[in-house]
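I have placed the structure first, in the form of structure tokens, so that the comments after it can refer back to it.
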Amino acid sequence: MDIATSLDAAPDLAMRPTKISIRGVGKVFGDNVALEKVDLDLPENSFTCLLGPSGCGKSTLLNMIAGFLKPSSGQILVDGKEVTAPGADRGVVFQEYALFPWRTALDNVCFGPMLKGKSKSEQRAIAMKHLATVGLAGHEQKYPGNLSGGMKQRVAIARALANDPSVLLMDEPFGALDAQTREVLQEEMLRIWEQDRKTVVFVTHSISEAIFLADRIVVMGTRPGCVKEVVDPQLSHPRERTDADFIALERHLKHLVRAEVQKLGVH
Amino acid sequence: MSGWKKHLPGLAGALFSIAIFLGFWLFISYGNRFWFKWFNPILLPTPMEVLQAGVNSYRSGDLQRDIWASLSRVFQGFALASVAGVFLGVAVGTWKPLERLVEPMVEMLRPIPPLAFLPMMVLWFGIGELSKIAFITYAAFFPIFTTTLEGIKYVDPLLIRAASSLGASRMDMFRHVVLPAALPAIITGLRLGFGLSFFVIVAAEFIAADSGLGYLINDARTFFLVSQMLMGAAVIGIIGFFVNVGLRALEGRLLRWRVSVRA
Ligand SMILES: Nc1ncnc2c1ncn2[C@@H]1O[C@H](COP(=O)(O)OP(=O)(O)OP(=O)(O)O)[C@@H](O)[C@H]1O
Ligand SMILES: [Mg+2]
């Protein structure tokens, strides 16, 4: 599939309806202000990267969208409804994979369809399809303990996709992987997003990962956590890390992030 | 299948280790009897004499009767303790108010060695089967209860999050996440509990019984039959060994996913 042309066919970000609306959201842990008054609208089928130094509240924001944490102030709406608890409409992929170690790869992916009461054969068919999508055909019967980090993360992505959520939340999903595996999975992630068209929120430390993937990059600042700048890269896919535009954007983001890191150092 | 071949070096090592032990025992026993004469030879019979005592006891039917008496008490007491321990452990682990109520009680009773209650149980339940079964149930309950409780309480919160974002209800969560995650702990608790039942039954039979392996040993003591005392101990060791092998095999089956991690 030609990613570049199909992406160009998609309407401009600003013209798409809002999927996730974050309104004046703050989060306080004890007397530690983790996030202060975040306002963000994420369009339907957009791919947003949350970028920022450690401790700026990326995971906190993602966990609030997922419904794992409640905002201390403000509210988060998904499809116009306030988020109050985790739900099957918002799939989550964790950095630590979070696979059920007692279930095989196939049974892990079956989990969502099983909860929805699908028949055994339906579950199996769905799971096989999604494992094939992430390139794991032939590894269905392995337990997570026998899979490499990259394979585990593929299973975790398949498990989230098999539930067919409209929102996919990913917290540094490739953070623990080596550089090669990471790039391969980034490309596959784009291909999957291209096919399934979900609204993706993707947390990362890596500037180049953000530029490679996102059509919206939210740069976050620290102390307290906040949104510092929102950049919508207008680069066409597939993006080349050596392109002049790519490098220019990378330099710009690097300055922004570095300023935040220095703020931490001075503190 | 070459499965058993894999274990061959380990088996050879184990046999070697046992042979050394028996050789040493034989050496001390014979050496004392014929050469160095440190102590009265009646105090340490040879392995062959112990074996002979076993054969004699088997021929008279006493050995089978005593093994069966001990095992049936252990199984009944252990079964009761398993049901109570797992059930209460799960209930206390899933329901906070119950935990606050029960935990201090258990913490207070747990450090008291169960043997301290044995004389009292004999007073309450007499010297029949009931006192022994009640005693085993009491002793085996604690490890089963506490490990089940830990297993239920310390389920990886990330797995809970993963399941809830896949749409799991409270019931789904319990059935498909909490129970399977706690299963290794529960099985460990059962294994500990079984070991302890075996441990305490012998002591109970020392004090108040007219059958069982503890009785066999104690009875031999009153007649100064040292080889029979050692034979009783050896039989307990052998039974304990095979029960443990069986339980481990069962564990390996139920927790296949964990075995595959080690492989
Ligand atoms: N459960 C919690 N209790 C108390 N403080 C917390 C908790 N979770 C996060 N924090 C604090 O909130 C702030 C933001 O944390 P968060 O994990 O969201 O950062 P992050 O941007 O995801 O960092 P990283 O890139 O290292 O993952 C930090 O100061 C952290 O110490
Ligand atoms: Mg984080």
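The values are calculated or read from the model by the stated rules, or taken from the named source; none is laboratory data. All of these numbers come straight from a predicted model, not from anything done at the bench. Reconstructed Cβ throughout: ideal geometry from the backbone, glycine too, with neighbour counts over all protein chains shown. Accessible surface areas use protein heavy atoms only, side chains included; no ligands, DNA or RNA. Shrake-Rupley method; radii C 1.70, N 1.55, O 1.52, S 1.80 Å.
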### Summary
Within the range A:157-176, the residues that are under 18 Å from A:Glu187 (Cβ atoms), within 16 Å of ligand 2 (Cβ to nearest atom) and buried (at least 24 other Cβ atoms within 10 Å of the Cβ) are A:Met170, A:Pro173, A:Phe174
### Task
Name the residue, out of B:Ala203, B:Ala181, B:Ala233, B:Ala249, that is out of contact with any Asp or Glu (no Cβ under 6 Å at 6 or more places or on another chain), within 14 Å of chain A (Cβ to nearest Cβ) and either surrounded by fewer than 19 Cβ atoms within 10 Å (Cβ to Cβ) or closer than 30 Å to A:Asp171 by Cα (or both).
B:Ala181
#### Entry: Entirely in the range B:55-170, the helices (runs of 4 or more DSSP H) that have 3 or more residues that are open to solvent by less than 20 Å² (accessible area, probe 1.4 Å) and farther than 24 Å from B:Gly237 by Cβ
B:62-94, B:129-153, B:157-165
### Task
Output yes when any residue across the range A:254-265 is open to solvent by less than 10 Å² (accessible area, probe 1.4 Å), in contact with a Ser or Thr (Cβ under 8 Å, 6 or more places away or on another chain) and in a helix (DSSP H, G or I), and no when none is.
yes
### Task
Filter the range A:181-208 for residues that are surrounded by fewer than 16 Cβ atoms within 10 Å (Cβ to Cβ) and either within 16 Å of ligand 1 (Cβ to nearest atom) or closer than 20 Å to A:Glu250 by Cβ (or both) and give the result.
A:Glu187, A:His205
### A:Arg239 touching a Phe, Trp or Tyr at 6+ places or on another chain (Cβ under 9 Å) and more than 13 Å from ligand 1 (Cβ to nearest atom)
yes
#### Entry: Members of the range A:163-180 found to be of a type in the set (A, V, I, L, M) and more than 16 Å from ligand 1 (Cβ to nearest atom), listed by number
A:Val167, A:Leu168, A:Ala179
## Note on the structure
The one condition B:Pro45 fails out of (1) in contact with a Leu (Cβ under 9 Å, 6 or more places away or on another chain); (2) closer than 21 Å to B:Leu230 by Cβ; (3) in a helix (DSSP H, G or I) is (3)
### Message
Just to be sure I understand the filter: pairs with C-beta atoms under 6 Å, separated by 6 or more residues or on different chains, first member in the range A:48-68 and within 13 Å of chain B (Cβ to nearest Cβ), second member near ligand 2 (Cβ under 9 Å from one of its atoms). Which pairs pass?
### Response
A:Ser59/A:Asp171; A:Leu62/A:Asp171; A:Leu62/A:Val203
### Summary
Reported set for the range A:30-45 where residues are surrounded by fewer than 23 Cβ atoms within 10 Å (Cβ to Cβ) and either within 16 Å of ligand 2 (Cβ to nearest atom) or in contact (Cβ under 8 Å) with a residue 40 or more places away in the chain (or both) is A:Asn32, A:Val33, A:Ala34, A:Glu36, A:Lys37, A:Asp39, A:Leu40, A:Pro43, A:Glu44, A:Asn45
### Summary
Residues in the range A:13-62 that are among the small types (Gly, Ala, Ser) and over 21 Å from A:Gly74 (Cα atoms) total 4
#### Entry: Some residue of the range A:70-89 being more than 14 Å from ligand 1 (Cβ to nearest atom), open to solvent by less than 40 Å² (accessible area, probe 1.4 Å) and farther than 14 Å from B:Ser165 by Cβ
yes
### Summary
So, first residue part of a helix (DSSP H, G or I) in the range B:232-255, second residue open to solvent by 40 Å² or more (accessible area, probe 1.4 Å), Cβ within less than 6 Å, six or more apart or across chains; the pairs are B:Leu247/B:Arg191; B:Gly252/B:Val259
### Task
Answer yes or no: is there a residue in the range A:220-233 that is among the small types (Gly, Ala, Ser) and touching a residue at least 12 places away in the same chain (Cβ under 8 Å).
yes
#### Entry: Given (1) more than 25 Å from B:Phe125 (Cα to Cα); (2) in contact with a Phe, Trp or Tyr (Cβ under 9 Å, 6 or more places away or on another chain); (3) open to solvent by less than 40 Å² (accessible area, probe 1.4 Å), number of the condition B:Ile217 does not satisfy
(1)
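Per-residue answers, yes or no, for (1) under 19 Å from A:Ala214 (Cα atoms); (2) touching a helix residue (DSSP H, G or I) at 6+ places or on another chain (Cβ under 8 Å):
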position	(1), (2)
A:Gly30	no, no
A:Leu61	yes, no
A:Leu69	no, yes
A:Val83	no, yes
A:Gly87	no, yes
A:Ala98	no, yes
